[in-house]
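The structure under discussion appears below in the form of structure tokens.
The values are calculated or read from the model by the stated rules, or taken from the named source; none is laboratory data. Small disclaimer: the values here were computed from a predicted structure and weren't measured. Every residue, glycine as well, gets a Cβ built from its backbone with ideal geometry; the counts of neighbours run over all protein chains shown.
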Amino acid sequence: MKEVDPNFESVARAHAGDLFRFAFWLTRDRQQAEDVVQEALLRGWRSYRGLREPGAAKAWLFSIVRNEFYRTISANARHAGHVDVADLEIADERPPAFGLEIRDALKTLPQTYAEPLALQVLGGFSCAEIAEMLETTEGAVMTRLTRARQTLKRLVSAPGARWSGGGLP
Amino acid sequence: MTCLDFRRLLLTGEPESALMRAHRQQCPACEAHAVEHALFERELGLGLSVPVPLGFEERLLDRLTVQGAPAQALPNPGRRRMLVVAATTVVTAGLGGMMWYRRDDPLAMDCIQFVMKEEAKSIMMGAMPRAEAVKALAEVVPLQRIEQIGQILHIGPCPFNGITAYHVVMSVMQEKITLLVMPGLMVSARKRAGHDGLHARVVPLRNGSVGMVGSNAGLLDNLAGVLRSQST
């Protein structure tokens, strides 16, 4: 057996759940999400000592998970033909007792919207931080987040909808 | 700031700015929209919080120990056996203690069920005037004290567990928290529960108790401490 750096272990434990959830919304598959997080943490551990700011560990781990996901997708695409990230379907076989409506809506959300939304809601990152992680501008992130929420609200809106919001006064 | 600007900024999910707050406070329609949006955000958080597979953390750490860092010398078999027995004992005791500590209290669980099933309906029933709220909550926790810990988005009476409780939706450090102020419902000690991404704490206060529900357990523990310290 090999010992895990206690600092890295505590960081990994603290964020394991959210990393899994983030990976899930990238892969839309529970087993793949688990594999992606495992690979990402393995890579993370090997380079953890090189991390200059321990306070940035969370953003760093989310970035590694994201990179690992895109690395896996690109490897799969090479071996099994092109895989369109936006076409990935959810394989969550366990319907939740609550949030079902919105979770169903989330399943149909394009990847370009789901990714910043998951980073903001699950990771608690600001638009500026997300922009840095996605290598885009803050304005582009704000646009994607706005469209993500508009899409979700529209999707869960039935007649007499809860979240339709009504017109402006 | 116009209503359109306010609602556009809400959709970005960024924290409320001073300008937004000022607009909301003088525009009842946007105030109502913000309450509804806060509930949407809560459902969004729950929707994204897919359940983590059982034993996930342990599998992660096992994998790290097997494939991670350079190997270290293994201890001899006798010592290893002793270590295994000791580790098993510690883990068993720890799990037992943790299960006892984390057991779900029925009242705290009812608070979660309220948020999951009744909260939206309760908000639709309408809010109560501030003066009435001040009077209704006074015997358990003064409204001003609740206002000190966050921004109140909604407050109104609701039937809960056979009594009339007061349902408070608030924003605390960008988190949406629901309080159920329960006059006359006395509990002996702090209660807790967790279910489907939500956590609940019930805090005993002078002439009743307050249930708190949110998705951030640490924040709830802090708020429980604040409410308790303010009541003593």
Select, from B:Glu147, B:Glu175, the only residue that is of a type outside the set (S, T, N, Q), under 25 Å from B:Ala32 (Cα atoms) and within 14 Å of another protein chain (Cβ to nearest Cβ). B:Glu175
Among the residues of the range B:17-33, are any of a type in the set (A, V, I, L, M, F, W, C), at negative phi, in a loop (DSSP other than H, G, I, E, B) and crowded, with 21+ Cβ neighbours inside 10 Å? no
Evaluation of A:Leu61 against (1) more than 12 Å from every other protein chain (Cβ to nearest Cβ); (2) at pLDDT 90 or above (one fails), failing number: (1)
Mind counting the residues in the range B:109-137 that are touching a Pro at 6+ places or on another chain (Cβ under 9 Å) and basic (Lys, Arg)? 0
Can you give me the number of residues within the range B:194-232 that are within 10 Å of B:Ala108 (Cα to Cα) and among the charged types (D, E, K, R)? 1
Looking at B:Ile152, B:Ile146, which one is over 14 Å from B:Val213 (Cβ atoms) and in contact with a Ser or Thr (Cβ under 9 Å, 6 or more places away or on another chain)? B:Ile152
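Does the range B:1-16 hold any residues that are acidic (Asp, Glu) and either within 25 Å of the chain's Cα centre (by Cα) or buried (at least 18 other Cβ atoms within 10 Å of the Cβ) (or both), and which are they?
B:Glu14, B:Glu16
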Of the conditions (1) buried (at least 18 other Cβ atoms within 10 Å of the Cβ); (2) farther than 22 Å from B:Glu36 by Cβ, B:Lys176 clears all except one; give me its number. (2)
Whichever residue in the range A:2-52 is in contact with a Gly (Cβ under 7 Å, 6 or more places away or on another chain) and not in a helix (DSSP H, G or I) and, among such residues, is modelled with the lowest pLDDT: A:Lys2
Filtering the range B:175-200 for residues that are modelled with pLDDT under 85 and either part of a strand (DSSP E or B) or among the β-branched types (Val, Ile, Thr) (or both) leaves a count of 4
Residues satisfying the stated conditions in the range B:14-43, i.e. aliphatic (A, V, I, L, M), over 22 Å from A:Leu155 (Cβ atoms) and facing another protein chain (nearest Cβ under 8 Å): B:Ala29
Out of the range A:10-33, which residues are of a type in the set (S, T, N, Q) and in contact with a helix residue (DSSP H, G or I) (Cβ under 9 Å, 6 or more places away or on another chain)? A:Thr27, A:Gln32
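Among B:Leu11, B:Leu46, B:Leu107, B:Leu61, which is the only one that is more than 30 Å from A:Thr151 (Cβ to Cβ) and either at pLDDT below 90 or within 14 Å of chain A (Cβ to nearest Cβ) (or both)?
Exactly one of B:Leu11, B:Leu46, B:Leu107, B:Leu61 is more than 30 Å from A:Thr151 (Cβ to Cβ) and either at pLDDT below 90 or within 14 Å of chain A (Cβ to nearest Cβ) (or both), namely B:Leu61.
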Take the conditions more than 24 Å from the chain's Cα centre (by Cα), exposed (fewer than 12 other Cβ atoms within 10 Å of the Cβ) and modelled with pLDDT of 65 or more and apply them to B:Gly94. Does it pass? yes
